[in-house]
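Let me begin by presenting the structure, written as structure tokens, before commenting on it.
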Amino acid sequence: MSEPTLRVALTFDAEHPDRPWCPPGNAERILDALADRGVRATFFIQGRWAESQPACARRIVADGHLVGHHSHHHARMPMFLGDLGGFRVDIEAGRRAIVEHAGADPRPWFRCPFGEGHDDPRVVDALAELGYRNVHWNVELEDWEPWRTGDAIAADCVAGVRDHGDGAVVLLHTWPGGTGDAIGPIISGLRALGATFVRVDDLEELPA
């Protein structure tokens, strides 16, 4: 009898850090770790981040990763519901920045900043009108917290994927140092479970 399939999508929100302890070059360190291990992932890019980190944004695409949209200003999307014109302006500004600096169109993939609005039909419908579908996550590791070490993030990732099973979408960020430390152990630990790594466009069902 064949082993059950265990596909895992590592996803990274590439955004301006909202904490002061982002080590320089952390996104590049994550890309190096993925490349060294032959893993393809999905990066949800903030438009303003792409403008400030064009070389890194373009490398994400060159390395074979999937690019999604993470808004332009990293605002909570429900805040725009009183002004859908502002909603469209933010989404279109972000898309233009991602296309210009990363060299890829992020549509149809979108992730709401902070996850806020992912379950709000008004946000979902407004995104759909612009050609997007939101991609939420199954495994959240709180890698943004300063006390989260690489070992803790990796251990919780492996446990979370094991509990969820096939098709797990993991939320990570490009800026925390703990995440940079965790990528190697995450990949090793999940491969020990028999996992294969996929992009979100390889999965038939996605958390919305």
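For this structure, a couple of remarks:
- Leading residue by the ranking (farthest from the chain's Cα centre (by Cα)) among those in segment 189-199 that are closer than 13 Å to ALA159 by Cα and among the small types (Gly, Ala, Ser): ALA192
- Inter-residue pairs, beta-carbon under 8 Å, first at positive phi and in segment 162-175, second of a type in the set (Lys, Arg) and in a strand (DSSP E or B), 6+ apart: GLY167/ARG7
- Note on segment 112-147: residues that are closer than 24 Å to ALA195 by Cα and either modelled with pLDDT under 95 or among the charged types (D, E, K, R) (or both) total 3.
- Some residue of segment 124-133 being closer than 28 Å to GLY165 by Cα, of a type in the set (D, E, K, R) and touching a residue at least 40 places away in the same chain (Cβ under 8 Å): yes
- Every listed requirement among (1) over 18 Å from VAL198 (Cα atoms); (2) touching an Asp or Glu at 6+ places or on another chain (Cβ under 7 Å); (3) among the hydrophobic types (A, V, I, L, M, F, W, C) is met by LEU84 save one, (2).
The values are calculated or read from the model by the stated rules, or taken from the named source; none is laboratory data. Since this is a predicted model, take the numbers as computed values, not measurements. Neighbour counts are summed over all protein chains in view; Cβ atoms, including those assigned to glycine, are modelled from backbone coordinates with ideal geometry.
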